[in-house]
Each structure stands twice: as structure tokens, then as C-alpha cells.
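Data block below; observations after.
Readers should treat all values here as calculations from the given coordinates under stated rules, not as data from a laboratory. Everything quoted here is computed from the prediction, not taken from an experiment. Quick reminder, even Gly has a Cβ in these numbers, built from the backbone with ideal geometry, and neighbours come from all protein chains shown.
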Amino acid sequence: MLDLACGSGRHLRWLAGAGFAVTGVDRSAEAVRGLDGLATLVVADLEAGPWPLMQGGQPQTFDGVVVTHYLWRPRLAQVAQSLAPGGVLIYETFAIGQASVGRPSNPDFLLQPGELLRAFDGLRVVAYEDGFLQAPDRFVQRLCAVRPAAVPDPTPARYPLWVE
């Protein structure tokens, strides 16, 4: 699993605790302090320099990618390329309207309507939301999508809508 812009590791900790091998990327060495032993940690600025997740000249791929409260449009294609066939992308970040209730307010960091759908149009969308959440008040877009398997399975994929 890959947790991009993982910060202090809220999602990384949960994923590691659930038994997943996790790679966390954040630009702040201070933020990831204390996550040693839970995950492979990469301190890199996703907005400057080369894509930090390369292996043998090729982008590393992961069975799952989690991105929350982070948006850097020039990297969206690389986020998609990081998803292995059959892998799941979970992406949530702020959307237009957020400036009316708080930060971030810079439109460069706020998604336009349907923007996540367009950015990941090669994936199979399992769930998508674009709207207003309360407590705390925020405007968000959420996407859960799957990269189709390299070799299609003749039986229909079962993406559980509820896990007990």
C-alpha cells in the first residue's frame, strides 16, 4: 500500500495495523518521525524534483494507493501509474466551496466539479462523492476506483459495498 503525503501517519498506522506492507511518502521528516518500523518511509517533496517512487527506471506499483487532503495536479498521472493491475485507489481532498468554510482557500488546491473522475478516467469507479460534509464543515470530493486487472477474469469482480 502507498500513503502519499502521509503526514504523521493516520492512514499509514491503520493500514500497517491491518497487516498491510505500507510505503509512506511525505516531504516533512519531522512529520514522519515516529513511524519507523511501521512502514517504508520516503522523505521527498512531491511538488519538486523527480517522482520519488522509481524502481529500475520504472514507477513502483502498489496494490492500493491512499491520498487524503492533498492535491498537486501535475502528479495525478503518476498517482494513477502507481496503481498495480487490480489495485484500489482511495482519494479524498478539498473541493470548490471550501473557501467559504475554511482552509484551504487557494483555488489551486481545490478540486473543480468532477475533477477526480476526469483525472482517473482509466480506472473503474467503485464510489464517488462530491459535496459538503459537516463537523467539521468542509467541501470534498472522494473517489474509490480500481485499475482493471491485466488479464480480465471471466467471473465478475466482487467489490464489497459493506465489510463487517
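Farthest toward the positive end of the dipole of the stretch 1-147, out of F139, H11, L83, is the Cα of L83, where the dipole comes from beta carbon charges about the Cα centre. Once the chain from Q60 to L117 is taken as fully extended at 0.36 nm per residue, the excess over their C-alpha distance is 18.2 nm.
Shown in residue order for the stretch 79-86 are the 3J(HN,Hα) couplings computed by the Karplus curve 6.51 cos²θ - 1.76 cosθ + 1.60 at θ = phi - 60°: 4, 4, 5, 6, 8, 5, x, x Hz (x for Gly and Pro).
Summary: within the chain, the longest segment free of trypsin sites (Lys or Arg not before Pro) located in DSSP loops with at most 12 other C-beta atoms within 10 Å is 34-157.
Available extension along the chain between A150 and A31 is 39.2 nm, counting 0.36 nm per residue and deducting the alpha carbon span. Taken about its Cα centre, the chain carries a charge dipole of roughly 40 debye when the Cβ of each Lys and Arg holds +1 and the Cβ of each Asp and Glu holds -1. At 7 Å along Cα-to-Cβ for each site, give me the label-to-label distance between S105 and A44 in nm. Going from the S105 label point to the A44 one covers 3.4 nm. Residue-wise HN-Hα couplings along the stretch 37-53, as the Karplus relation 6.51 cos²θ - 1.76 cosθ + 1.60 with θ = phi - 60° gives them from phi, are x, 8, 7, 7, 10, 10, 8, 7, 8, 5, 9, 9, x, x, 4, x, 10 Hz; Gly and Pro carry x. Cα extents for the stretch 54-130 along the principal axes, largest to smallest and rounded to whole angstrom: 44, 26, 16. Overall shape of the stretch 12-75 was characterised from the C-alpha gyration tensor. The equivalent ellipsoid obtained from it has semi-axes of 19, 15, 12 Å, in decreasing order. For the chain, taking Cα atoms only, Rg and Dmax work out to 16.1, 48 Å respectively.
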